[in-house]
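Working notes, structure below.
Bear in mind these aren't lab numbers, they're just calculated from the coordinates by the rules spelled out. Note that the coordinates shown come from a computational prediction; the quantities given were computed from them, not determined experimentally. Note: ideal-geometry Cβ built from the backbone for every residue, glycine included; neighbour counts use all protein chains shown.
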DNA sequence: GGGGATTTGTGCTTTTCTTCACAAATCTCT
DNA sequence: AGAGATTTGTGAAGAAAAGCACAAATCCCC
């Protein structure tokens with residue numbers, strides 16, 4: 001009986017569009033795994049995640065060849081490989097700046113504290129909030145003053161930061177985070193952040209999302225009238 | 001002196017990538033307008049919004065020719081045109097389903113209630129929440145039981161729905177919304193929703209965003225070690 | 001009213017992403 | 001052990017998006 005070959009890890013840049021989908025596959029695989037499924041075909045996994053099977057297979061092919069022709073993919077194995085590729089086997093410390101409605105929701109949000117991430121610092125400018133505690137996934141964390149941001153973040157060795165402050169102060173907070181060694185930022189402020197090279201920023205803009213939907217609604221109405 | 005020509009509205013499909021950027025331009029223009037700026041060049045607007053000027057001009061060109069060569073764009077005029085194109089001059093009624101941490105933050109979030117949108121209905125399955133009120137932008141709204149979702153939403157004539165419930169019940173909620181006449185859905189549950197044709201779904205996946213950043217961090221580390 | 005300085009709008013090129021379609025690999029059954 | 005049924009992995013084609021570069025339009029100033 002032939003031994004399983006050495007993991008055929010592929011080296012080479014993974015397209016951005018693919019990277020953006022890996023978390024979706026990962027989550028679906030986790031679900032399948034918890035349900036006790038041992039194997040899954042590209043067709044099934046594609047159906048669950050809402051992509052085409054060809055796209056899914058191509059996406060996975062950038063990571064390596066983890067499937068078996070005529071059979072499909074081993075759920076647990078594939079899940080592990082994606083996790084490894086995405087660095088989810090590490091535990092990433094995350095700081096959140098701004099604990100208004102949204103920031104607080106994020107801090108409490110289970111999905112954030114889940115697998116791979118741990119919220120280690122909360123900062124706010126508002127003196128009324130400083131000193132109060134917020135329940136994150138596992139523990140309670142005290143909100144620290146925004147002034148301590150740079151020092152504390154450096155100490156906590158956080159490389160990931162979440163910005164949930166008003167647009168007016170977002171760039172300032174961003175600069176502070178970068179100075180503190182943060183190199184990946186999730187920005188909820190509706191503004192373009194300027195960062196030095198090597199710092200990744202992803203923007204999540206809730207109002208924009210609604211507006212995009214409004215655009216589609218608008219088009220539906222125009223079609224009817226036309 | 002020549003009269004300004006009839007608005008040269010262009011007809012034809014606007015690329016999805018462009019649509020996704022229109023809200024960003026719109027916001028920047030609003031800012032400029034409030035700051036009292038009368039004109040802006042593609043170069044300036046591009047800088048503010050973090051795109052290249054060529055891309056910006058091409059994006060705008062899908063809407064019509066609203067600029068003046070050698071001069072730039074009139075801030076107020078262009079802003080209005082984008083708003084019109086996106087349907088932001090209407091007031092869209094929105095319902096939110098699920099008022100946990102996130103749903104509540106969204107309900108309170110100013111940006112949602114802002115220009116173009118009005119939150120008209122809140123629903124939750126939890127009996128402890130039903131009957132309590134949540135301050136949205138302008139008014140206070142009572143949380144209604146999820147069972148009333150279909151009927152109430154139909155009555156409220158909401159075409160836009162926000163899903164902020166756990167993944168397990170998201171598809172059920174989605175079906176209810178669609179039955180109630182909702183044709184655009186903003187989905188915060190980490191799951192692919194199946195909808196009939198003609199219903200638009202946009203997914204905002206907070207955990208995915210962090211995971212994508214983790215991927216980039218991972219790569220930075222690998223580069224260093226390599 | 002003409003020349004020089006701007007800045008838009010867009011045809012063309014390049015890059016990135018998606019889809020197609022099929023050979024290669026594996027399994028099952030007899 | 002071979003034939004038939006699956007299902008992956010991937011070249012190649014097609015579609016969408018981004019970037020380039022320049023003609024066309026406008027302004028300003030003399």
I need A:215, A:80 ordered by Cβ neighbour count within 10 Å, fewest first. A:80, A:215
Taking a label point 7 Å from Cα toward Cβ, how far is residue B:14 from its twins in the other copies, in nm, shortest first? 3.3
With 38 Å as the cut-off, how large is the P(r) tail for the protein assembly as shown, expressed as percent of Cα-Cα pairs? 28
Inter-probe distance in nm under a simple model that places probes 7 Å from Cα toward Cβ, at residue A:62 and residue A:167: 3.1
When you look at the Cβ of every residue in A:41-54, what mean number of other chain Cβ atoms sits within 10 Å? 1
Nm distances between copies for residue B:50, ranked from closest, using label points 7 Å along Cα→Cβ: 2.3
Between the range A:77-137 and the range B:75-134, what is the C-alpha centre distance in whole Å? 25
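Considering only DSSP beta bridges whose two residues both sit in chain A, what percent are antiparallel, to the nearest 5?
Bridges in chain A that DSSP calls antiparallel: roughly 30 percent.
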Return the distance in nm (one decimal) between the two label points of a simple spin-label model at residue A:128 and residue B:224, each offset 7 Å from Cα along Cα→Cβ. 4.1
What's the center-to-center distance, using Cα atoms, between the range A:143-219 and the range B:17-58 in Å? 20
Helix-only mean residue ellipticity at 222 nm for chain B, each DSSP H run of n ≥ 4 adding -39500 (n - 2.57), per residue, nearest 500: -13500 deg cm²/dmol
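Restricting to the protein assembly as shown, compute how many DSSP beta bridges are antiparallel as a %, nearest 5. Spell out each step's value before the answer.
Working: 16 of 58 bridges.
Here the share of antiparallel DSSP bridges comes out near 30 percent.
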I need the shape label for the range B:74-226. Rule: rounded when a/c is under 1.5, else prolate if a/b > b/c, else oblate, with a, b, c from the alpha carbon gyration tensor. oblate
Which shape class, rounded, prolate or oblate, goes with the range B:120-179 when its Cα gyration tensor gives a ≥ b ≥ c as root eigenvalues, a/c under 1.5 marks rounded, and past that a/b bigger than b/c marks prolate? oblate
Among A:156, A:206, A:99, the residue with the largest mean-square fluctuation in a Gaussian network model of chain A built from Cα contacts under 10 Å is A:206
Calculated label separations, residue A:202, copies of the chain, 7 Å along the beta-carbon direction, nm: 1.7
Sort the range A:169-226 into rounded, prolate or oblate with this rule: let a ≥ b ≥ c be the square roots of the eigenvalues of the Cα gyration tensor; rounded if a/c is under 1.5, and if a/c is not under 1.5, prolate when a/b is larger than b/c, oblate otherwise. prolate
Chain A, Gaussian network, Cα under 10 Å: of A:193, A:213, A:29, the residue fluctuating most is A:213
One residue of chain B has its C-beta nearest the axis rotating B onto A; that residue and its distance in whole Å are B:105, 2
What ranking of A:194, A:40 emerges when the number of other C-beta atoms within 10 Å of each C-beta is taken as an exposure proxy, fewest first? A:194, A:40
Under a 10 Å cutoff between Cα atoms, tell me which one of A:103, A:87, A:64 has the largest fluctuation in the Gaussian network model of chain A. A:64
For residue B:139 and residue A:118, what is the calculated FRET efficiency with R₀ set at 35 Å and r taken between the beta-carbons, to the nearest 0.05? 0.35
Other chains' Cβ within 10 Å of B:200-206 residues: what's the mean? 5
